[in-house]
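Novice: Structure provided below as structure tokens; questions to follow.
The values are calculated or read from the model by the stated rules, or taken from the named source; none is laboratory data. Every value quoted in this text rests on a predicted model; they were computed, and no experiment measured them. Heads up, the Cβs are rebuilt from the backbone with ideal geometry, glycines too, and the neighbour counts pull from every protein chain shown. Only protein heavy atoms, including side chains, enter the accessible area calculation; ligands, DNA and RNA are left aside. Shrake-Rupley method; radii C 1.70, N 1.55, O 1.52, S 1.80 Å.
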Amino acid sequence: MRPSPPPFFVLTGPPGSGKTSLIEALSTSYAAVPEVARRVLAEERRSGGTATGDQNPSAFVDRMLEMAKSDYDQARGRTVFDRGLPDLLAFCSYYGLPDKRVLDAMSRRRYGGHVFFLPPWEEIYRNDNERTLTFRGATAFGALTRTAYERAGYRFTHVPKVSVADRAAFIRAKIEA
């Protein structure tokens, strides 16, 4: 008999759809894992490294993959991830990179529970040091993310466009059901 997947939940969707604010709100109830892309980019910019999407996309995806595997392997109990391993398939597709290493990692690390998909939301979309895509580009990347999760056999719970508090309550209700 195959073991049950762990109680790991994923927030995904296009950049700028409110995942970071939502993960912060959920961190009062569950273990929460921040987005790997933002952490890698911050580290690379701080150290003067080149493992970024604009300088060395392959190294960027490699760094994200190692960090995402470590995050998954260290997680315990009910945990909410700001993006998961399947998101890296979207990055591979976006950059035109091979995805075998990501698929291998995913085959040994399945998320249980819900994959919460946040839709594009232009009214809250903002650029910053790490988010440089236009809203249109972010929406296109969100479509790649959606395809990646579908390809991996996940089903979505769609998160409504409401306040952060209401989104957090919606997700808590789904997790606790």
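Novice: In what sequence, highest mean first, do 165-177, 19-31 appear when ranked by Cβ atoms within 10 angstrom?
Specialist: Numbers: 165-177: 14.6, 19-31: 17.6.
Order by mean packing, descending: 19-31, 165-177.
Novice: Compare the peptides 139-145, 127-133 by average per-residue count of other Cβ atoms within 10 angstrom and give them in order, highest first. Each step should come with its number before you reach the end.
Specialist: Numbers: 139-145: 18.9, 127-133: 13.3.
The packing order, highest mean first, is 139-145, 127-133.
Novice: Another question about this same structure. What is the projected area of the convex hull of the Cα atoms of segment 56-158, averaged over all directions, in nm²? Intermediate values should be presented prior to the final figure.
Specialist: Details: hull surface 28.0 nm².
Across all orientations, segment 56-158 yields a mean hull projection of 7.0 nm².
Novice: Suppose each label sits 7 Å from its Cα in the direction of the beta carbon; what would the Ala143-Ser70 distance come out to in nanometres?
Specialist: Result for the modelled spin labels: 3.5 nm.
Novice: Can I ask one more? What share of Cα pairs, in percent, lie more than 29 angstrom apart in the chain? Walk me through the numbers before you get to the answer.
Specialist: Numbers: 2287 of 15576 pairs.
That tail contains 15 percent of the Cα-Cα pairs.
Novice: In the chain, what percent of the accessible surface is made up of carbon and sulfur (1.4 Å probe, ligands and nucleic acids excluded)? Could you put the intermediate results ahead of the total?
Specialist: Values: 4660 of 8940 Å².
Exposed carbon and sulfur together represent 52 percent of the surface.
Novice: In the neighborhood of Pro160, defined by Cβ-to-Cβ distances under 10 Å, what is the net charge if each Lys or Arg adds +1 and each Asp or Glu adds -1?
Specialist: Details: positive: Lys161, Arg167; negative: Asp166.
Neighbourhood net charge equals +1.
Novice: Sort the following peptides by mean Cβ neighbour count (other Cβ atoms within 10 Å, averaged over residues), highest first: 9-17, 151-159. Walk me through the numbers before you get to the answer.
Specialist: On the way: 9-17: 25.2, 151-159: 14.9.
Order by mean packing, descending: 9-17, 151-159.
Novice: I've got another one for you. Using helices alone, what [θ] at 222 nm do you get for the chain, with -39,500 (n - 2.57) per DSSP H run of 4 or more residues, divided over all residues and rounded to the nearest 500?
Specialist: -15500 deg cm²/dmol
Novice: How many Å² of accessible area per residue for segment 107-160, probe 1.4 Å? Can you show the working numbers first?
Specialist: Details: 3130 Å² over 54 residues.
Per-residue accessible area for segment 107-160 comes out at 58 Å².
Novice: For Glu130 and Arg155 in one chain, what is 0.36 nm times their gap in residues minus the Cα-Cα distance, to one decimal in nm?
Specialist: 6.2 nm
Novice: Between Ala90, Ala42, Ala148, find the one with the highest GNM mean-square fluctuation for the chain; connect C-alpha pairs within less than 10 Å.
Specialist: Fluctuation is largest for Ala42.
Novice: Roughly how compact is segment 1-85, stated as its Cα Rg over 2.2 N^0.38 Å to two decimals?
Specialist: Details: Rg = 14.1 Å, N = 85, 2.2 N^0.38 = 11.9 Å.
That works out to 1.18 for segment 1-85.
Novice: Moving to a separate point now. Could you rank Ser70, Ser47 by how accessible they are, 1.4 Å probe, largest area first?
Specialist: Numbers: Ser70 45, Ser47 85 Å².
Sorted by accessible area, descending: Ser47, Ser70.
Novice: Based on Cβ point charges of +1 for Lys and Arg and -1 for Asp and Glu, what charge dipole magnitude is obtained for the chain about its Cα centre, in debye rounded to the nearest 20? Intermediate results must be reported in sequence, preceding the final value.
Specialist: Numbers: 26 positive and 20 negative charges, 100 e Å.
Roughly 480 debye, rounded to the nearest 20.
Novice: Here is a further query. Could you tell me what fraction of 2.2 N^0.38 Å the Cα radius of gyration of segment 121-177 comes to, as a two-decimal ratio? It would help to have the intermediate numbers written out before the result.
Specialist: On the way: Rg = 13.8 Å, N = 57, 2.2 N^0.38 = 10.2 Å.
Output field value: 1.35.
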